[in-house]
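Single-structure report; data block below.
The values are calculated or read from the model by the stated rules, or taken from the named source; none is laboratory data. Only a predicted model underlies this, so the values are computations on that prediction, with no experimental measurement involved. Methodologically, a virtual Cβ is constructed for each residue, glycine included, from the backbone with ideal geometry; neighbour enumeration extends over all protein chains shown.
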Amino acid sequence: MKFCLNRQTPGSVISGLLLVLTVWGCSTSDSKTDTEKAGPTTSSIPTKPADTARKKVVLFYGNSLTAGYGVEPSQAFPALVGQKIDSAGLTYTVVNAGLSGETTAGGKSRISWVMRQPVAVFVLELGGNDGLRGLPLAATRQNLQAIIDTVRQKSPQATIVLAGMQIPPNMGTTYTKAFRLLFAELADKNDLVLIPFLLEGVGGVASLNQSDGIHPTPAGHKLVANTVWKTLKPVLMK
């Protein structure tokens, strides 16, 4: 069972939000990377709300990678992880709270709204847009920490899974290395479950990415889902 919040154009954010309000809260962000162009907004509401309400929630909170930019919602890695959860017979439902163009600052601004409902597992996938823009790492760290603190406050029992990210060396070796290490450092500090590199085997592989070289194709999302599942499955099986 899965519920997707994929919103990619400013014009469609309002209508998508009205559709979603009765199920899950989420605020908006106008941030866009240069490679993220307008696309259709798609929402999928569970056909059996009563069944969904009895299941624990795995919330994916991220940017266009989580939202599934350029692919169908069912092809994005959170939906594929949801299929794996169902196949394993686990009593969890996936909520996709990905938003294209989201930075850590944007994620910080909407996290309280999104966390109006309790979650069992919170998968945090943010920071990539900060790195691609060369934003100060101190601010990225502070924003991610604020998101983590809010999740801990709103859902104290939730397991937080942090998706590690890496960027091309365009910003220089020092920045690139510090960006990569930031995620492991936050995971250690906060006792989080870490996915070392979300795009392992996908990042930089032309055949697994769309023409922008950033967003995975459906085949790329399958590999990302496998990477996430490798870390997430033991968490869900506890």
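Identify, from the list Glu125, Glu185, the residue that is acidic (Asp, Glu) and either in contact with a His (Cβ under 6 Å, 6 or more places away or on another chain) or closer than 16 Å to Gly62 by Cα (or both).
Glu125
Condition first: assigned to a loop (DSSP other than H, G, I, E, B) and either closer than 13 Å to Ala76 by Cβ or charged (D, E, K, R) (or both). Now tell me which residues in region 203-219 satisfy that.
Across region 203-219, the qualifying residues are Gln210, Asp212, His215, Thr217.
Would you call Leu198 part of a loop (DSSP other than H, G, I, E, B), within 17 Å of the chain's Cα centre (by Cα) and surrounded by 16 or more Cβ atoms within 10 Å (Cβ to Cβ)?
yes
From the residues in region 79-98 that are aliphatic (A, V, I, L, M) and out of contact with any Phe, Trp or Tyr (no Cβ under 9 Å at 6 or more places or on another chain), which one is surrounded by the fewest Cβ atoms within 10 Å (Cβ to Cβ)?
Ala88
State all residues of region 46-103 that are at pLDDT below 95 and in contact with a Ser or Thr (Cβ under 8 Å, 6 or more places away or on another chain); if no residue qualifies, say none.
Passing the criteria: Pro46, Thr52, Arg54, Lys55.
With free of Cβ contacts under 8 Å to residues at least 40 places away in the same chain and outside any helix (DSSP H, G or I) as the only criterion, which of Leu181, Leu162 stands out?
That would be Leu162, the only listed residue that is free of Cβ contacts under 8 Å to residues at least 40 places away in the same chain and outside any helix (DSSP H, G or I).
Tell me, yes or no, whether region 168-182 has at least one residue that is modelled with pLDDT of 95 or more, out of contact with any strand residue (DSSP E or B) (no Cβ under 8 Å at 6 or more places or on another chain) and closer than 29 Å to Lys56 by Cα.
no
Which one is nearest to Gly220 (Cα to Cα), of the residues in region 102-118 that are buried (at least 22 other Cβ atoms within 10 Å of the Cβ) and of a type outside the set (A, V, I, L, M, F, W, C)?
Checked region 102-118; the qualifying residue nearest to Gly220 (Cα to Cα) is Glu102.
How many of the residues in region 63-78 are at negative phi and crowded, with 24+ Cβ neighbours inside 10 Å?
Matching residues across region 63-78 total 9.
Could you say which residue among Ser112, Ser155, Ser207 is within 25 Å of Gly82 (Cα to Cα), in contact with a Pro (Cβ under 9 Å, 6 or more places away or on another chain), hydroxyl-bearing (Ser, Thr, Tyr) and at pLDDT 95 or above?
On inspection, the qualifying residue turns out to be Ser155.
Are any of the residues in region 142-159 basic (Lys, Arg) and over 20 Å from Phe197 (Cα atoms)?
Within region 142-159, one or more residues are basic (Lys, Arg) and over 20 Å from Phe197 (Cα atoms).
Out of Lys84, Lys154, Lys108, which single residue is over 12 Å from the mean Cα position of the chain (by Cα), within 14 Å of Leu232 (Cβ to Cβ) and among the basic types (Lys, Arg)?
Lys84
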